[in-house]
Structures are given as C-alpha cells and as structure tokens.
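**Student:** My structure is below; once you've seen it, I'll send some questions.
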Amino acid sequence: MSSENDPVAASDELREREAQAIRGLANAYARMREEIGKVIIGQNDVIDQLLLAMFSKGHCLLVGVPGLAKTLLVSTISKILQLSFRRIQFTPDLMPSDITGTDVLQDDPETGRRVFQFMQGPIFTHVLLADEINRTPPKTQAALLEAMQERHVTVGTSTYKLPAPFFVLATQNPIEQEGTYPLPEAQLDRFMFNIVLNYPNAAEELRILKQTTGSEEPELKLALTGAQILALQEVVRKVPVAEHVFVFARDLVRATRPNEPDASDFVKKYLTWGAGPRAGQYLILGAKARAILEGRFHVSTEDVKSVAHPVLRHRIVTTFQANSEGMTPDKVIDHLIANTAVDVQERGKKVARP
C-alpha cells in the first residue's frame, strides 16, 4: 500500500522529511560558524544571534563602538551564503529616494518619447547594512523601516518587491549622540533583535592583531544558497511549541508592562513602558530557530530565555530612577526571567496537585 493511501506511513514519511530538514539546518549552521570563524575572531554570541534572526526572517539592530568588525561580519555572512550585499552610510542629508530608488525620465529610442524608468536603490539586495541609522532624519529612517516590514518599496503609484531573503542589519554608535535622530520605540519594535557588541578579550584581541596585519586572506566556502535559506526559514516556522512555553513567553512579555493590574512593584519602580505583542512573537520564533540549530524539533523555556535579552532590551523603557541606580534594561530582564520562571513552576505544581 502506498503512503498516499496509508495515513500512518504518510505521517512517518513527513516526520522523516522534517528530521532530515532539521539535520540539514544544524549541519549548515555548523558549516557557517566554521567559515565565519576564519574571518571573525570571538563574538560568538553576536554571530549566533545574527544567524537566529536570519533563519527567523527577522532584522537586527547592532549597537557597538566603531572598529568591532560589524561591516566585515555582515559581508562575510553574505559571502558564505552567496547573497548580494550592500552598505548604506546614513548621513543627515540622505533622502528616502537615495535608499529606495526613484523614477528617472529617459528617452525611448524606439518611439522618441520620454518615459519614466525606475532606477533601483541600494535597498534592492539580500543583505543590507544600514550603518549608523540614527544619523539620518526620521523621514529616511521611516522609508527603510517600512520596506523592512512590508518587504516591498512603493515609488509613485508602483510597488516593487524586494529580493528574498531580505535581511537588514542596522548599526548604532553608543558613544556619540549629538546631532543624531534616535529611533522612536515604535520603529525600534520593527527589529527582531537588539544585539550589543562588546570589546574582545585579551586573547581574542591578540589573535585579531596577528590575523589582520598579514598578507594572507582566508578562503571562504559556500555554505547555503538563497533558496536553501528560504526553505529553512519555513522549517523553523513548523517547529512545534508546547503550551507551557507559549505561556512562559506571554507571561514574560506581560511582566514588562508597569500599567498591568498585576504588575510587580519592581516593574512599576524601574519601567515606564513595556513590550508589545510583537516581542512575544519574536521570543517564540527565536526559540524555534535556536532549537532547530541545536538539532531539536521541540522548544523549551530555556530557548525562550536565551533570546529574551536581544528581543526585549530595546522594547522596554526604564525610569529615571532606574538610570540613576544603574538598573540597565538587561538587569531588569534578568530579574523578570527569574521571577517569571518561578511563577510558571509554581503554576505547574498547583496543577499537578490532586
């Protein structure tokens, strides 16, 4: 009997295909890490979070001082994935059309008439590095962020779809804020992760000095194609999630909101604004991607915890008291994770009691 007429056999075949897809993604992830490691020294957490966002179909905001290889990291990822890469240096005089493209009046050689022809901007690429996004006015920022959300560009009366996959990495310099245009919370919410890039340790910095001051350049090998990435993004979406994991993600997001009736005194003291529902969506998607990359086809609360900081740190607003006491968003998230985990465990114990 063929699998088409046997539901059990069809189900077994589906599970086997899914298991193969998981193994394929886990193997691809290992190859990517190996290839990136030839160029980028250290920054393992940053690399992991970038890849998690890519396989979750999300965008990243990268915060770090100059000279930490942000551009090199993004260009390296695009090379090993055989994806097109563009970089835009954001400046105060940058206009939306400089990013999206514009209609140009040209002569038609056949008819002799003048017609408008759309000239694509640098946003028409697979991987886009938006360097120092906070240095350009809100109008230009909004043009990029709209394209990130809708994955298409509208110029005049025409709409143009962006290439797939489409991944935006925007950077911000945390040192200088004079003359900048900080992204409002509603626009920050478009980014799946806010990734903080720190200085390398002493051993890593010594390796950087030795590796980058010579004439030898590492040879990178192709890890995945664009079509394979799209297929793997669909695999991530199919990962099952247990009810208690959904509840944990929901409760963690709701715990950030000081105006909720059951908000803790800690949250009311240190937060003026909490995360919205999109944070919960990204917690689940990031947890799914992490589970898959580790070769698992199920999501745990530990997966949610591992992506909580990059998902939540740009979606919560601390109070003046928190800033004066050195209570950073990451410290607030640590507290919320610990207390939300306790709440879920206590609920589970109550349910288990006869």
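**Student:** Say whether the condition of being part of a loop (DSSP other than H, G, I, E, B), within 20 Å of the chain's Cα centre (by Cα), surrounded by 17 or more Cβ atoms within 10 Å (Cβ to Cβ) and at pLDDT 90 or above is met by at least one residue in segment 276-292. Show your work before the answer.
**Tutor:** In the first step, residues of segment 276-292 are kept if they are part of a loop (DSSP other than H, G, I, E, B); the result is 276.
Next, only the ones that are within 20 Å of the chain's Cα centre (by Cα) stay: 276.
This time we only want the ones that are surrounded by 17 or more Cβ atoms within 10 Å (Cβ to Cβ), so: none.
No, segment 276-292 contains no residue that is part of a loop (DSSP other than H, G, I, E, B), within 20 Å of the chain's Cα centre (by Cα), surrounded by 17 or more Cβ atoms within 10 Å (Cβ to Cβ) and at pLDDT 90 or above.
**Student:** Here is a follow-up. Assess whether Tyr181 counts as being surrounded by fewer than 16 Cβ atoms within 10 Å (Cβ to Cβ), of a type in the set (Ser, Thr, Tyr) and more than 12 Å from the chain's Cα centre (by Cα). Talk me through it step by step, then tell me what you get.
**Tutor:** Values: surrounded by fewer than 16 Cβ atoms within 10 Å (Cβ to Cβ): no; of a type in the set (Ser, Thr, Tyr): yes; more than 12 Å from the chain's Cα centre (by Cα): yes.
Considered against the rule, which asks whether it is surrounded by fewer than 16 Cβ atoms within 10 Å (Cβ to Cβ), of a type in the set (Ser, Thr, Tyr) and more than 12 Å from the chain's Cα centre (by Cα), Tyr181 comes out as no.
**Student:** Collect the residues in segment 135-147 that are crowded, with 21+ Cβ neighbours inside 10 Å and either of a type in the set (A, V, I, L, M, F, W, C) or modelled with pLDDT under 85 (or both), keeping them in residue-number order. If you could, list the steps in order and put the result at the bottom.
**Tutor:** Taking segment 135-147 and keeping what is crowded, with 21+ Cβ neighbours inside 10 Å, we get 136, 140-141, 143-145, 147.
Ala143, Leu144, Leu145, Ala147, listed by residue number.
**Student:** Might you let me know whether segment 326-333 holds any residue that is closer than 20 Å to Val46 by Cβ, touching a helix residue (DSSP H, G or I) at 6+ places or on another chain (Cβ under 6 Å) and crowded, with 18+ Cβ neighbours inside 10 Å?
**Tutor:** Yes.
**Student:** Ok, one more. In the list Arg135, Arg190, which residue meets the criterion of being out of contact with any strand residue (DSSP E or B) (no Cβ under 7 Å at 6 or more places or on another chain), among the charged types (D, E, K, R) and closer than 17 Å to Lys57 by Cα?
**Tutor:** Details: Arg135 fails: closer than 17 Å to Lys57 by Cα.
The match here is Arg190.
**Student:** Mind checking which residues of segment 228-254 are of a type outside the set (D, E, K, R), more than 18 Å from Ile292 (Cα to Cα) and either exposed (fewer than 15 other Cβ atoms within 10 Å of the Cβ) or more than 18 Å from the chain's Cα centre (by Cα) (or both)?
**Tutor:** His244, Val247, Phe248, Leu252
**Student:** Now for a different question. Just a yes or no: is a residue in segment 111-127 in contact (Cβ under 8 Å) with a residue 60 or more places away in the chain, among the hydrophobic types (A, V, I, L, M, F, W, C) and touching a Phe, Trp or Tyr at 6+ places or on another chain (Cβ under 8 Å)? Give the derivation first.
**Tutor:** If we filter segment 111-127 for residues that are in contact (Cβ under 8 Å) with a residue 60 or more places away in the chain, which is where we start, we get 126.
This time we only want the ones that are among the hydrophobic types (A, V, I, L, M, F, W, C), so: none.
The answer is no; no qualifying residue exists.
**Student:** Can I ask one more? Could you list, in sequence order, the residues of segment 255-275 that are out of contact with any Pro (no Cβ under 9 Å at 6 or more places or on another chain), surrounded by 15 or more Cβ atoms within 10 Å (Cβ to Cβ) and part of a helix (DSSP H, G or I)?
**Tutor:** Phe266
**Student:** Then there's this: Criterion first (over 22 Å from Ala28 (Cα atoms), of a type in the set (S, T, N, Q), crowded, with 19+ Cβ neighbours inside 10 Å and modelled with pLDDT of 80 or more) does Thr91 satisfy it? Don't jump to the end; show me each part of the working.
**Tutor:** Numbers: over 22 Å from Ala28 (Cα atoms): yes; of a type in the set (S, T, N, Q): yes; crowded, with 19+ Cβ neighbours inside 10 Å: no; modelled with pLDDT of 80 or more: yes.
In short, no.
**Student:** Name the residues in segment 200-211 that are loosely packed, with under 12 Cβ neighbours inside 10 Å and under 13 Å from Ile40 (Cα atoms), would you? It would help to see each step written out before you state the result.
**Tutor:** First, pick out the residues of segment 200-211 that are loosely packed, with under 12 Cβ neighbours inside 10 Å: 201-203, 209-210.
Within segment 200-211, Leu209, Lys210 qualify.
**Student:** In this structure, is Arg86 assigned to a strand (DSSP E or B), more than 21 Å from Asn201 (Cα to Cα) and in contact (Cβ under 8 Å) with a residue 40 or more places away in the chain? Write out each step before concluding.
**Tutor:** On the way: assigned to a strand (DSSP E or B): yes; more than 21 Å from Asn201 (Cα to Cα): yes; in contact (Cβ under 8 Å) with a residue 40 or more places away in the chain: yes.
Answer is yes for this residue.
**Student:** Let me ask something else. Where the second residue is charged (D, E, K, R) and assigned to a loop (DSSP other than H, G, I, E, B) and the first is farther than 17 Å from Leu128 by Cα and lies in segment 157-176, which pairs have Cβ atoms under 8 Å and are six or more apart or on separate chains?
**Tutor:** Note: pairs meeting the criteria are Asn173/Glu132.
**Student:** Looking only at segment 44-69, count every residue that is farther than 22 Å from Gln233 by Cβ and modelled with pLDDT of 80 or more and tell me the total.
**Tutor:** So in segment 44-69, the residues farther than 22 Å from Gln233 by Cβ come out as 44, 63-69.
With modelled with pLDDT of 80 or more added as a condition, the list becomes 44, 63-64.
Number satisfying all stated conditions: 3.
**Student:** All but one of (1) over 18 Å from the mean Cα position of the chain (by Cα); (2) within 27 Å of Asn198 (Cβ to Cβ) hold for Thr76; state the number of the condition that does not hold.
**Tutor:** (1)
**Student:** Here is a further query. For segment 222-242, which positions are among the charged types (D, E, K, R) and in a loop (DSSP other than H, G, I, E, B)?
**Tutor:** Filtering segment 222-242 for residues among the charged types (D, E, K, R) gives 234, 237-238.
Passing the criteria: only Lys238.
**Student:** Can you tell me which residue within segment 1-37, out of those that are modelled with pLDDT of 80 or more and among the basic types (Lys, Arg), is farthest from Leu68 (Cα to Cα)?
**Tutor:** Ranking the qualifying residues of segment 1-37, first place goes to Arg31.
**Student:** Have a look at Pro122, Pro184 and point out the one that is at pLDDT below 85 and in contact with a helix residue (DSSP H, G or I) (Cβ under 9 Å, 6 or more places away or on another chain). Give the steps one after another, and end with the answer.
**Tutor:** Working: Pro122 fails: at pLDDT below 85.
Pro184 is the lone residue from the list that is at pLDDT below 85 and in contact with a helix residue (DSSP H, G or I) (Cβ under 9 Å, 6 or more places away or on another chain).
**Student:** Tell me, which residue of segment 30-73 that is closer than 23 Å to Arg315 by Cβ and charged (D, E, K, R) is nearest to the chain's Cα centre (by Cα)?
**Tutor:** Across segment 30-73, the extreme among qualifying residues is Lys57.
The values are calculated or read from the model by the stated rules, or taken from the named source; none is laboratory data. Predicted model, so just to flag it, every value in this text is computed and none were measured. Cβ coordinates were reconstructed from backbone atoms using ideal geometry, including for glycine residues, and neighbour counts include every protein chain displayed.
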